[in-house]
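The values are calculated or read from the model by the stated rules, or taken from the named source; none is laboratory data. Just so it is clear, the structure is predicted and the values come from calculations on it, not from any experiment. Ideal geometry is used to build each Cβ from the backbone, glycine not excepted, and the neighbour counts take in all protein chains shown. Accessible surface is based on the protein model in full, side chains and every heavy atom, while ligands, DNA and RNA are left aside. Shrake-Rupley method; radii C 1.70, N 1.55, O 1.52, S 1.80 Å.
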Amino acid sequence: MVVDGKRVTFNGTGASLLGHWILWEFLTVITCGVFAFFIPVGLQKWNMNHTYYEGEKGAEDSRFDGNTFQYIGYNIMQFLLLVVTFGLAYPWTHKMILRWQTKHQLINNDRLIYDGTALGMLVRALVVILTLVIPFAFLASPWAYCWLWRYQYSHTHVDHSSAE
């Protein structure tokens, strides 16, 4: 991934993530499933703690500062909007959640923003759906997913308006 001309590097390891997963699963079991709500944000935090600009100081200045309760709120809002619109609001709700996630990501103290549109997401989501429902088109779905992710990454930038 490249953000505003700077290549992003990730230095996390499978062993480190496995250790976190074991802990998270243990906490989920002993809390009768309640801790499972905290895992997505914990995963974002772990991911950002291992992300930094290539050739610059390490990931100690990278972090995710969103919280689980905000994440749950956005997902409840997404669920309600999808139910009310029979799923037609997906591109808009997905964009809403991407904007929330991105604005809470900092790479080397640069806060990120997402400026993609729901229409751009809609076109790509339709292509992905078509690759999943048309016979033998599923063979193209990995490329369709990459196209979708490339769109998301190309609309991720440093927020130059933030004064951190």
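Round to a whole number: what % of the accessible area of the chain belongs to carbon and sulfur, probe 1.4 Å? The nonpolar share, carbon plus sulfur, comes to 70 percent.
Label sites at L126 and I22, each approximated as a point 7 angstrom past Cα along Cα to Cβ, lie 4.8 nm apart.
Note that segment 91-164 presents 57 Å² accessible area per residue, ligands and nucleic acids not counted, probe 1.4 Å.
Between L126, L98, L106, where does the largest GNM mean-square fluctuation fall for the chain, given springs only between Cα atoms within less than 10 Å? Its mean-square fluctuation being the largest, the pick is L126. Evaluated over the chain, the count of Lys pairs having alpha-carbon atoms less than 19 Å apart is 5 (only pairs 8 or more residues apart or interchain). Computed extension length for A36-T117: 26.1 nm, one decimal, from 0.36 nm per residue of separation with the Cα-Cα distance subtracted. Note on the chain: GNM, Cα springs under 10 Å; of V41, V84, V128, the largest mean-square fluctuation is that of V84.
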